[in-house]
Amino acid sequence: MRAFHAALGLGGLILLWQAGTAVFSPPVYLLPSPLVVAMVFRDQWDFLLAQSLVTLSEILIGLGAGAILGAATAFALAAHPRIGPFVWPTILVLQALPVFVLAPILVVWLGFGMASKVAMTVLIIFFPVASAFADGLNRTERDIVDAVSLTQASHWQALVSVRAPLALPSLVSGLRVAAPLAPLGAVVGEWVGASAGLGFVMVQANARMQTATVFAAMAVLAAMTLILRLLVDLLTARLAPWAREGDRPHSGRRPSQTASTWRSQ
């Protein structure tokens, strides 16, 4: 039903766009109609597909690497809380830097190939994942912490067997926020300097005032973003089905079950 409503809203927006271009007749280089954009897909499908695959590979590699790095960083800081006050300010400073400042530097360092685009995507993905997972690890309910302490479990054992599983819903929330941002990192990197990809297509088409091609590339990028978010939802629903209960990861029966399992070991 949600997919139907989304398709209905998108269809209404496209119809409104088509009606607006039909009534006001703007020049194609200012605002092409959906029909003109559709003709670009018809005439340049092979080209757009090839460029989309380049961008998609950058997105997937960057999303995977950024998610793993962010989760690992949050876990390491939870395992060693004394170093957190020294590390988090550095992470916040990196997050505060505008992506258009970092992208040219990464291109200079890593070149015009895939590496600089993946690095840009990793930087964008890293913070929401690390921040959400760290928040989940740090706000385990006090009753559960007290119950685990009665088992004489070590800090590491409690972190691995209790706090990390209970923090998975927070990690899922971070991934859901990060997934739509992954295409931004790849395209920004391509926009600054690349020889292929959807960002490269948009830069070249914009320079030639081929606005319809720019809109076609943006449509492909939007479709990638929606599909990527759907895939993340499906994957996390399998790995952490209880995360669908909402943003309160420590509610429900699972926490008590986890604690009781620990006490029985």
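The values are calculated or read from the model by the stated rules, or taken from the named source; none is laboratory data. From a predicted model like this one, the values you see are computed outputs, not experimental measurements. All Cβ positions, even for glycine, are placed from backbone atoms using ideal geometry, and neighbour counts span all protein chains on display.
Tabulated data
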item: Unique residue being in a helix (DSSP H, G or I), touching a helix residue (DSSP H, G or I) at 6+ places or on another chain (Cβ under 7 Å) and not basic (K, R) when the list is L92, L48; result: L48
item: Checklist (1) part of a helix (DSSP H, G or I); (2) buried (at least 24 other Cβ atoms within 10 Å of the Cβ); (3) among the hydrophobic types (A, V, I, L, M, F, W, C) applied to M202, failing item; result: (2)
item: From the options L16, L31, L69, residue that is under 21 Å from M218 (Cβ atoms) and either assigned to a helix (DSSP H, G or I) or touching a Gly at 6+ places or on another chain (Cβ under 6 Å) (or both); result: L16
item: Residue check for A6: at negative phi and in contact with a Lys or Arg (Cβ under 9 Å, 6 or more places away or on another chain); result: no
item: Region 149-165, residues that are surrounded by fewer than 22 Cβ atoms within 10 Å (Cβ to Cβ) and either in a helix (DSSP H, G or I) or modelled with pLDDT of 75 or more (or both); result: S149, H155, W156, Q157, A158, L159, V160, S161, A164, P165
item: Scope region 78-135; condition aromatic (F, W, Y) and buried (at least 20 other Cβ atoms within 10 Å of the Cβ); matching residues; result: F126, F127, F133
item: Residues of region 19-77 satisfying the condition of being hydroxyl-bearing (S, T, Y) and free of Cβ contacts under 8 Å to residues at least 24 places away in the same chain; result: T21, S25, S33
item: Test for L16: is it touching a helix residue (DSSP H, G or I) at 6+ places or on another chain (Cβ under 9 Å), closer than 25 Å to P180 by Cβ and exposed (fewer than 15 other Cβ atoms within 10 Å of the Cβ); result: no
